[in-house]
Amino acid sequence: MRFGKWLLFSFYLLLLTKFILFKHIPELNVQQLLDKSELALRWESANLVPFRTIQLFLTPSPLTPFVRIQNLAGNVLLFVPLGFFLPWLFQRCRGFFRTAGAAAAVSCFYEIVQLLFGFGSLDIDDLLLNTAGGMIGYGLFFLMKKALLSVSVHL
């Protein structure tokens, strides 16, 4: 059973990495990755203002509903499994704030990798939405645990 949990978690992490880092692979060579001016350009395009991107997707604009949903709900939904897996696999993540902190740390890792390697753009709103997804996943874990405990008490 334990091996199966870890196998599922590993598969989830591979999918998460594919969806976050490799959705659009830029045609960069090693020279460009090491070029400080390229990094400076990526840093200048980063969004460090909370709710700026979220507001962009919620206000009227030419963006299609699909693009809006993909960006808002997608960022949340991608991290729901993480919020479930963390307390399921790690005793130390059985608390809400530890799970939220771990989800934020994982999201921050992906955002920094996007900044450094140009696989996307660093956006504080992605961090917020990803963390919210992790918190929802923790809530689902907690509800499932509570339901299983109540079922086992009644048996």
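Every number here is computed from the coordinates shown, using simple stated rules; none is lab data. Please read these numbers as outputs of a predicted model, since none were measured by experiment. All Cβ positions, even for glycine, are placed from backbone atoms using ideal geometry, and neighbour counts span all protein chains on display.
Excluding same-chain pairs closer than 8 in sequence, count the lysine pairs in the chain whose Cα atoms lie under 29 Å apart. Each step should come with its number before you reach the end.
Values: LYS5/LYS18; LYS5/LYS23; LYS5/LYS145; LYS5/LYS146; LYS18/LYS36; LYS23/LYS36.
Lysine pairs satisfying the spacing and distance rule in the chain number 6.
Hey, got the dipole for the chain? About the Cα centre, +1 on K and R Cβ, -1 on D and E Cβ, debye to the nearest 20?
Approximately 840 debye in magnitude.
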Within the chain, which complete DSSP H helices have Cα atoms spanning at least 30 Å along the helix axis and a mean Kyte-Doolittle hydropathy of 0.5 or higher? 65-89, 96-117, 124-154
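Show that you can apply the helix-only estimate: for the chain, add -39,500 (n - 2.57) for every DSSP H stretch of four or more residues, divide by all residues, and state [θ] at 222 nm to the nearest 500. Walk me through the numbers before you get to the answer.
Numbers: 7 runs with 119 residues, N = 155.
Rounded to the nearest 500, the figure is -25500 deg cm²/dmol.
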Scan around ASN47 for amide H atoms under 5 Å from its own, H built in the peptide plane at 1.01 Å from N, and keep only partners 5 or more places away or cross-chain. LEU122, ASP123, ILE124
Of the options PHE109, GLN91, LEU72, report the single residue whose Cα projects farthest towards the positive end of the charge dipole of the chain (beta-carbon charges: Lys, Arg +1; Asp, Glu -1). GLN91
Derived scalar couplings ³J(HN,Hα) [the stretch 47-62; Karplus, 6.51 cos²θ - 1.76 cosθ + 1.60; whole Hz; x for Gly, Pro]: 9, 10, 9, x, 6, 5, 5, 4, 4, 4, 7, 9, 9, x, 6, x
With 10 angstrom as the radius, rank MET135, MET1 by how many other C-beta atoms surround their C-beta, starting from the fewest. MET1, MET135
